[in-house]
1. Relative to the longest principal Cα axis of the chain, at what angle does helix 399-418 sit, 0 to 90 degrees, rounded to 10?
2. Using every Cα-Cα pair within segment 1-140, state what percent have a distance larger than 21 Å.
3. For the Cα atoms of the chain, what angle does the longest principal axis make with the long axis of helix 175-199, in degrees from 0 to 90, nearest 10?
4. Can you tell me the relative contact order of the chain? Whole percent, Cα pairs under 8 Å, sequence separation 6 or more.
5. For segment 338-445, which GluC sites (Glu not before Pro) pass both filters: DSSP loop (anything but H, G, I, E, B) and at most 16 other C-beta atoms within 10 Å?
6. For Lys230, list the aspartates and glutamates whose Cα falls under 15 Å from its own Cα; do not include residues on the same chain fewer than 8 positions away.
7. State the Kirkwood hydrodynamic radius of segment 342-384 in Å, one decimal place, computed from all pairs of distinct Cα atoms.
8. Eigenvalues of the Cα gyration tensor times 5, then square-rooted: what semi-axes does that give for the chain, in whole angstrom, largest first?
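Each reported figure results from applying straightforward, stated rules to the coordinates on display, with no laboratory input. All figures in this text were calculated on a predicted structure; none of them were measured in a lab. Counting neighbours? That spans all protein chains shown, and the Cβs are built from the backbone with ideal geometry, glycine included.
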Amino acid sequence: MKPPTLQLSDFWQAILTPSRSDLLFAVRNMIAGMVALYLAFIFDLEQPQWALTTVFIVGQFTSGMVLGKGAYRLAGTVVGGVASVAMIAMFGQLPLLFLLSMATWLALCTTGASLLRGHAAYGFVLAGYTAAIIALPAVSDPQAVFDHATARCIEISLGIICAAVASTVLWPRHAEQGLSAQGRAAWLAGLSAAAAELLGTDQRKGLLDALGRLVAVDNQHASARFEGPKGRRRSQALRVLSRDLLSLLRAARAVARQRLMLDDSARVTPLIEDVAAALQQARHQDLPALAQQISHALQDPSLSPEAHFCLLELAQLLQLIDQGALTLHALEQGRVPPGAPGAMSWHTDIEQGVLAGVRCALAFLAVAAFWVFTAWPAGLGAISICGVVLSLFAARENPSESSLNFLKGIVISIPVAALVHFGLLPGFDSFAMLGVCLGIPLFLASLCMSRVKLAATASAFCIFFVNNIGPNNLMTYDFAAFLNSAIATLIGGGIAVLVFRLIQLNPGERHYRRMYNALLFDLAQLTVRPLEQAESWFGGRMADRLIRLSRYSATYTTGRRHWARGLLGLDLGDELLEVRASLANSQGALAIARDRYLHSLARAFKQQGPNEQNLAIIDKPSETLLKALEQSPSRAQQEIASAAIAQLQYTWRKACQPNTE
């Protein structure tokens, strides 16, 4: 019988058993924070706590993430400061118009944050709530708004500089150093997914794993760009690897589809299974010999055209694996392989973003109306915090849960701040003791920030613990003011959480229809988009959509049907890319027939796409192009293009069938 084991919670694990990297992260935050606070005292800034809280807000584990987040935080702060000055200048004496303009600004920034990703989305969030933080308190003294905006920018800039210097000098960790390992993991996941596609086993799990890693590594390359020339080179190499991974998955799915179209697959199945087994078992050294076997099999004149093309696709798959291995090697060496594509594109839902913005604006106006009608003295604080939380979490996938964790941090910060502010600080008058009193809770919170489940709560604790104390050269100890501010903060944060709970923008049938219509629009655009950038553009958007659909299909009864439609959309796009690639160098009559075929496809996608009424809509354009192909002097081009057109027709007809799963 095994002795019982004590299972520590995430909090106690973070506090009692931190890793070396967690300790260094917390120490670095403390050093940068105390330096920022000390300099704010030396320069006699208006609110020194903003310099300290900024360090903990932008504090990240790698220098690239700190620099990237800091740069966009500064940009968002400046834009928000300018917006606050403009709103006060125009509507400072018109409270109703001022509140409407602030609500509109929050809605616009929230919409922008919902439609973007990464640091750019964070910049929109900052622009939104910075305007609220600066402009709302300035209602009582409009003439001082410019001074307040300038002071906030200086204080936040000081915190960003201190955090950036600390992350670069003190135990630096670079995002670009982790790109190699992440890229290799993504590539291996792609090989496993390719094997699953070839065998037709557990395709969904393998595909989602590969796409999820693809999205994760793409999110990292933006941070690596801030880490100098080597980081930028690895960032570009990672883009090439992402493109190669998408090409690999496309080729594997093409082989699987072509195999299903064969009347007799006995000649090709053993080779496909051998390649899949080598990929599954990581026997990559066997792939050159398998490539030789496929090359010999292609010389067999008795192969049917369909089987011949299936083996051609399989041979192309092995070539893509070789190409991806070279790209991975270049990534690990910090070199840029040739043909780096542009940034990957992601799915955007404008209606969802606008709805998130409208929700934020209406909630802000509701709280503002309560303040106006009740004349609550601390109401401005509640409005500010409500606007901050609404703007900060509106673009999150699960804003109610994220904002609730943030509110927990606010709640915990209040009694701890009261103890430090009224129980400890009155007995000390040196900066060193102030640093100790502030540093111990902040150090423990920094340890918790390394845990995903505790990060939002710990971050909120750091921000509001410092703001509730308000360290300054001239400290005040007014318990009534402290209590009013704390209550306003709790009410503002609580209302934001309640809004997210009551007004949930969960996906439904309308959301699915919008996503499908966006897919059809992208397929139509794929007929004319430059081919060298098309794969990354379409592949990134489809990766994002399929990951979202996988979550929905696990939650909603109709999700499985939408997942199947998403996969068929991916296949249609992959086959369209194959057709375009095979006919890219066409000339004369063949080029004219190709362009007419692509125009017909674009029109078909715009006319509601695959459905029962459009079952035969692409048959005539396909026949016309196939006749033009018969005049092609290149037998290889004729074979590849003809098979690709046949595959596209096959998938189109499959997608037209009702209730396809």
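1. With both axes taken from Cα atoms, the answer is about 20 degrees.
2. For segment 1-140, the share of Cα pairs beyond 21 Å comes to 58 percent.
3. 40
4. Worked out over the chain, it gives 17 percent.
5. Glu397
6. Counting by Cα, and skipping residues close in sequence, Lys230 has these aspartates and glutamates nearby: Glu176, Glu332.
7. In segment 342-384 this quantity evaluates to 12.6 Å.
8. 55, 28, 21
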